[in-house]
Amino acid sequence: MDRIVYDRMAAHDSTHWWYRARRDILADYLDRYGAVPKDARILEIGCGTGHNLPMLGAFGDVDAIEIDPAARDIASARLGKPVGSSPLPDLSGVEPGSYDLVAVLDVVEHIEDDVAALKAMARVLKPGGKILITVPAHQWMWSAHDVVNHHKRRYSKRTLLAALEKAGLKWNKLRWFNSLLFPVAVAARFAGKLMGKDDSDDSPPPAALNKAFETIFGLERHLLGRLPMPPGLSIIVLAEPKR
């Protein structure tokens, strides 16, 4: 990702509505559907500034990987131990069969060979281990945001399932999310394109609007997996190797 993306992440990951509500949604989803064993070993790949590490730490002992040096330093401070730097799909130095859960949260879309990356994640899982995956949705929503984040693609359910299948993974609870605000996001994206406005600035909106968006997005923690969700900005899935 461009340097400015990491800088904004570091500045806003504790206050921005998207980060805050998403952490609550992911925690609830994992609690209900992850079947994460007690005292699990967890690896987050592409942890950025480490803003998800405390949330994942509620489920077990967390290790992390981040390839950007500055973001890795911030994440290491948050984690209280060094964060690794091995990129996907290499994962050199990560012991095969050592983790109960691998979390890749808006990471797979950055990897040229997503199937090879998914296979690498599967290799480091213990028997019965799972991969928690989130990806941005809808290739037709491609914009400057994707460019500065160095995305290779956005996904549909069909293309994500095809990658999982090629990697030898089965899936559970594949769902749209960030659905309640999806119409607002689509309207803003197309208005920006019509006006020639760059939408790559993901700084928080004014405080009242930031709180409103967090509240609306946060409602999805009660819905995700329980009710069919309409199309959203993201897709979430739990995957594991076929045995």
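Residues in the range 56-93 that are closer than 18 Å to Asp24 by Cβ and either of a type in the set (Ser, Thr, Tyr) or open to solvent by less than 20 Å² (accessible area, probe 1.4 Å) (or both): Leu56, Val62. Screening Gly46 against (1) free of Cβ contacts under 8 Å to residues at least 60 places away in the same chain; (2) under 22 Å from Val5 (Cα atoms); (3) surrounded by 20 or more Cβ atoms within 10 Å (Cβ to Cβ); (4) touching a strand residue (DSSP E or B) at 6+ places or on another chain (Cβ under 7 Å) leaves a single unmet condition, (1). In the range 104-223, counting only helices (runs of 4 or more DSSP H) that sit wholly within it, the ones holding 2 or more residues that are open to solvent by 40 Å² or more (accessible area, probe 1.4 Å) and among the small types (Gly, Ala, Ser) span 182-195, 207-218. A single entry from Val62, Val36, Val5, Val94 fulfils the requirement of being among the β-branched types (Val, Ile, Thr) and over 24 Å from Val237 (Cα atoms): Val5. If only residues of the range 44-79 that are assigned to a strand (DSSP E or B) and of a type in the set (Val, Ile, Thr) are counted, the one that is nearest to the chain's Cα centre (by Cα) is Ile45. Within the bounds of the range 159-172, is there any residue that is among the basic types (Lys, Arg), modelled with pLDDT of 95 or more and closer than 29 Å to Ala116 by Cβ? For the range 159-172, residues among the basic types (Lys, Arg), modelled with pLDDT of 95 or more and closer than 29 Å to Ala116 by Cβ: present.
Every residue in the range 94-103 that is open to solvent by 70 Å² or more (accessible area, probe 1.4 Å) and either in contact with a helix residue (DSSP H, G or I) (Cβ under 7 Å, 6 or more places away or on another chain) or not charged (D, E, K, R) (or both), please. The one that is open to solvent by 70 Å² or more (accessible area, probe 1.4 Å) and either in contact with a helix residue (DSSP H, G or I) (Cβ under 7 Å, 6 or more places away or on another chain) or not charged (D, E, K, R) (or both): Pro96. Among the residues of the range 7-37, those identified as in a helix (DSSP H, G or I) and touching a Ser or Thr at 6+ places or on another chain (Cβ under 7 Å) are Arg8, Met9, Ala10, His12.
Evaluating Asp31 against the criteria (1) modelled with pLDDT of 95 or more; (2) open to solvent by less than 40 Å² (accessible area, probe 1.4 Å); (3) farther than 24 Å from Leu91 by Cβ leaves one unmet condition, (2).
The values are calculated or read from the model by the stated rules, or taken from the named source; none is laboratory data. No experiment lies behind these values; they were computed from the predicted model shown. Using ideal geometry, Cβ is built from the backbone for each residue, glycine included, and neighbour counts are taken over all protein chains shown. These area figures cover heavy atoms from the full protein model, side chains too; ligands, DNA and RNA do not enter into them. Shrake-Rupley method; radii C 1.70, N 1.55, O 1.52, S 1.80 Å.
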